[in-house]
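A.B. asks: Dumping the structure here so I can ask a few things about it.
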Amino acid sequence: MMQKVVAVDLDGCILRYVPGWFSIRRYGSLIPGAKSVLKELRQKGWWVVIYTVRGDRQEIKSALEVVGVYQEVHYDAINRRKGVLKGSYNGKMGASAYIDDRAIAFRGRWTGVLEELEKL
């Protein structure tokens, strides 16, 4: 059985956006429910990867410590892929599922995708 991997976006899913969030050292507060769902995913055997456009893993870890995610959830990685295939592209996180506040779900049909984008 393959390990289930969920990639969870940091900003907008775990932490709230704050003005200047794109600045490396600005992190928002914890979004209610994030810790409990991440904990439950881990308890159910999911490999939890926290992903973000931010590059400094130590700063991300520190921000997660401030809100208690680091201590209580024990996620598996930050911006790292599990079981990377030799020669594969390193940019996209390989996962069974992605949780991202800016995503539009694609369910095998393009019907409705443009309409979803136009709502933004």
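The values are calculated or read from the model by the stated rules, or taken from the named source; none is laboratory data. Because the structure is a prediction, the values reported are computed rather than measured. Because the Cβ atoms are built from the backbone with ideal geometry, glycine has one as well, and the counts that use them run over all protein chains shown. Areas reflect the complete protein model, heavy atoms only, side chains present, ligands, DNA and RNA absent. Shrake-Rupley method; radii C 1.70, N 1.55, O 1.52, S 1.80 Å.
A.B. asks: Could you run through region 57-69 and say how many residues are part of a helix (DSSP H, G or I), under 17 Å from residue 25 (Cα atoms) and open to solvent by less than 80 Å² (accessible area, probe 1.4 Å)?
C.D. replies: 7
A.B. asks: Moving on. Of all residues in region 10-31, count the ones that are surrounded by fewer than 10 Cβ atoms within 10 Å (Cβ to Cβ) and under 17 Å from residue 75 (Cα atoms).
C.D. replies: Of the residues in that region, 0 qualify.
A.B. asks: If residue 47 satisfies every condition in (1) surrounded by fewer than 17 Cβ atoms within 10 Å (Cβ to Cβ); (2) at pLDDT 90 or above; (3) of a type outside the set (Ser, Thr, Tyr); (4) under 26 Å from residue 2 (Cβ atoms) but one, which is the exception?
C.D. replies: Here residue 47 clears every test but (1).
A.B. asks: Hey, another quick one. Find the residue count for region 93-117, including only residues that are closer than 26 Å to residue 31 by Cα and either of a type outside the set (S, T, N, Q) or in contact with a His (Cβ under 8 Å, 6 or more places away or on another chain) (or both).
C.D. replies: 15
A.B. asks: Suppose we keep only residues that are over 10 Å from the mean Cα position of the chain (by Cα) and aromatic (Phe, Trp, Tyr) within region 93-110. Which one would you say is least open to solvent (accessible area, probe 1.4 Å)?
C.D. replies: 106
A.B. asks: For residue 36, work out the one condition from (1) open to solvent by less than 30 Å² (accessible area, probe 1.4 Å); (2) at pLDDT 90 or above; (3) hydroxyl-bearing (Ser, Thr, Tyr) it doesn't fulfil.
C.D. replies: That leaves (1) as the condition not met.
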